[in-house]
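Asks: One structure, as structure tokens, below. Some questions next.
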Amino acid sequence: MLKLISREKSFIKGYKEYCQEFYDNNILTFRPTNPQNIDENWFERTAEWYAKKEQGMVSGYAKSFHYWAVDNDKFIGEFQIRPDLDDDLMADIGSIGYSVRITEWGKGYGKEILKQGLEIARGLGLEKVLLNINDDNIVSIHICEINGGVIMDKVMLESNNEGKHLVRRYWITLNKS
């Protein structure tokens, strides 16, 4: 059964494999950690950085919480939430991001990661979240819409990895549980 957990050292091997799949397949729309940087000390080396990020204390990065999606002992993907939505986030990555490892695509994990992530957002007291999805990512668009996403607009963005690309911006209103 899939669950979202805090980063956990026992899943480092799976996380590295997940990252490697994105690099091997030259996926530019999302770039996780470079797998060459993940060694036996990576978890300890990055723990303080992630803790500071959760407090909004890393210059150039929004306050964010990172979760890993695991199914029993298998690393499936990740979920991030940035609770302090500002103009920069609205014009860039939005308040939520999620990803599924390539070898697990098409198995329903994206839908479940987003569903559980929205529960985390509710728990943080958020009333709505913004997802920015590339216009050609039909699967993520579908997942967003079945989880209550309502399109706000489409905007042209530019990034180093992707160049100019069209993005759909979706709001998901979180009903109080």
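The values are calculated or read from the model by the stated rules, or taken from the named source; none is laboratory data. Bear in mind that the values here come from a model prediction, so they are computed numbers and not experimental data. In this analysis, Cβ positions are derived from the backbone assuming ideal geometry, glycine residues included, and neighbour counts consider all displayed protein chains.
Asks: Which of the residues belonging to the stretch 23-49 are under 22 Å from ASP73 (Cβ atoms) and touching a strand residue (DSSP E or B) at 6+ places or on another chain (Cβ under 8 Å)?
Replies: Selection gives PRO32 alone.
Asks: Could you run through the stretch 51-73 and say how many residues are basic (Lys, Arg) and exposed (fewer than 15 other Cβ atoms within 10 Å of the Cβ)?
Replies: Within the stretch 51-73, residues that are basic (Lys, Arg) and exposed (fewer than 15 other Cβ atoms within 10 Å of the Cβ) number 1.
Asks: Return a yes/no flag: does the stretch 22-34 have any residue that is outside any strand (DSSP E or B), basic (Lys, Arg) and buried (at least 18 other Cβ atoms within 10 Å of the Cβ).
Replies: Within the stretch 22-34, not a single residue is outside any strand (DSSP E or B), basic (Lys, Arg) and buried (at least 18 other Cβ atoms within 10 Å of the Cβ).
Asks: Here's a check for you: in the stretch 160-169, which residue that is in a strand (DSSP E or B) and over 17 Å from the mean Cα position of the chain (by Cα) is modelled with the highest pLDDT? Quick ask: steps written out before the conclusion?
Replies: To start, the set of residues in the stretch 160-169 that are in a strand (DSSP E or B) comprises 163-169.
With over 17 Å from the mean Cα position of the chain (by Cα) added as a condition, the list becomes 163-166.
Details: GLY163: 81, LYS164: 89, HIS165: 88, LEU166: 94.
Among them, the one singled out is LEU166.
Asks: If we only count helices (runs of 4 or more DSSP H) wholly inside the stretch 67-150, which ones have 3 or more residues that are within 14 Å of the chain's Cα centre (by Cα) and in contact (Cβ under 8 Å) with a residue 40 or more places away in the chain?
Replies: Working: elements: 87-90, 109-123, 138-146.
Counting at least 3 such residues, we get 109-123.
Asks: Counting just the residues of the stretch 3-19 that are in contact (Cβ under 8 Å) with a residue 24 or more places away in the chain, surrounded by 16 or more Cβ atoms within 10 Å (Cβ to Cβ) and of a type in the set (A, V, I, L, M, F, W, C), which one comes out nearest to ASN41 (Cα to Cα)?
Replies: Looking at residues that are in contact (Cβ under 8 Å) with a residue 24 or more places away in the chain, surrounded by 16 or more Cβ atoms within 10 Å (Cβ to Cβ) and of a type in the set (A, V, I, L, M, F, W, C), I get ILE12.
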